[in-house]
């Protein structure tokens, strides 16, 4: 199961997303991640599965103030849950505060992604090698897909990197009702 919902850590195999949206603007330093259609799904080895527990875990990750990265390099700005098109979504905004701490844009992009996401500079282009199971929905780069691989290419001088990918292991019980119920209680 999946969900590389880097709101603080990679979530356990119980919380899934159907799409992951990423943008990085090197002009402003802003990194924006959006996770679309958050749901709860029983993990393969999970013995005490509960949608309520997954909701509590998600809320804890959103509320957690511990920086994900060294704040002198990448600063956490905000983390929020929101509803879009009748599904629960999450957004995390960060700011690269020390771009000179990295030898390349690919190094910065690698730093702010999980190990399953590989960025490299090849022939003066930044290349994202996607792990299997991720399908490119859209990008401002050049996408190349084969039956076994998906890659995105950007010229090295690109200042804004954007892409949306679908996740292979999505689905489950929507967490939107939990979010809406809690929002009503707060009002």
Restricting to Cα pairs under 8 Å and 6 or more apart, the percent relative contact order of the range 95-146 works out to 22
Most exposed first, judged by fewest Cβ atoms within 10 angstrom, 144, 73, 185 run 185, 144, 73
Rounded to the nearest 10 degrees, the helix 176-186 long axis (Cα) sits at an angle to the longest Cα principal axis of the chain of 70
Sorted largest first, the Cα spans of the chain on the principal axes come out in Å as 51, 40, 30
Taking a label point 7 Å from the Cα of residue 118 along Cα-to-Cβ, the residues of the range 139-161 whose backbone nitrogen sits under 12 Å from it are 149-151
Dividing the mean separation of Cα pairs under 8 Å (6+ apart) by the residue count of the chain yields a relative contact order in percent of 27
Between the modelled labels at residue 181 and residue 95 (7 Å from Cα along Cα→Cβ) the distance in nm is 3.8
Residue-normalised 222 nm signal for the chain, counting each DSSP H run of n ≥ 4 as -39,500 (n - 2.57), nearest 500 deg cm²/dmol, is -5000 deg cm²/dmol
In degrees rounded to 10, the 0-90 angle between helix 51-63 Cα long axis and the longest Cα principal axis of the chain is 50
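Every read-out reported here was derived from the displayed coordinates using simple, explicitly stated rules and does not represent laboratory data. Computed from a predicted structure; not experimentally measured. Cβ: placed from backbone, ideal geometry, glycine included. Neighbour counts: every protein chain shown.
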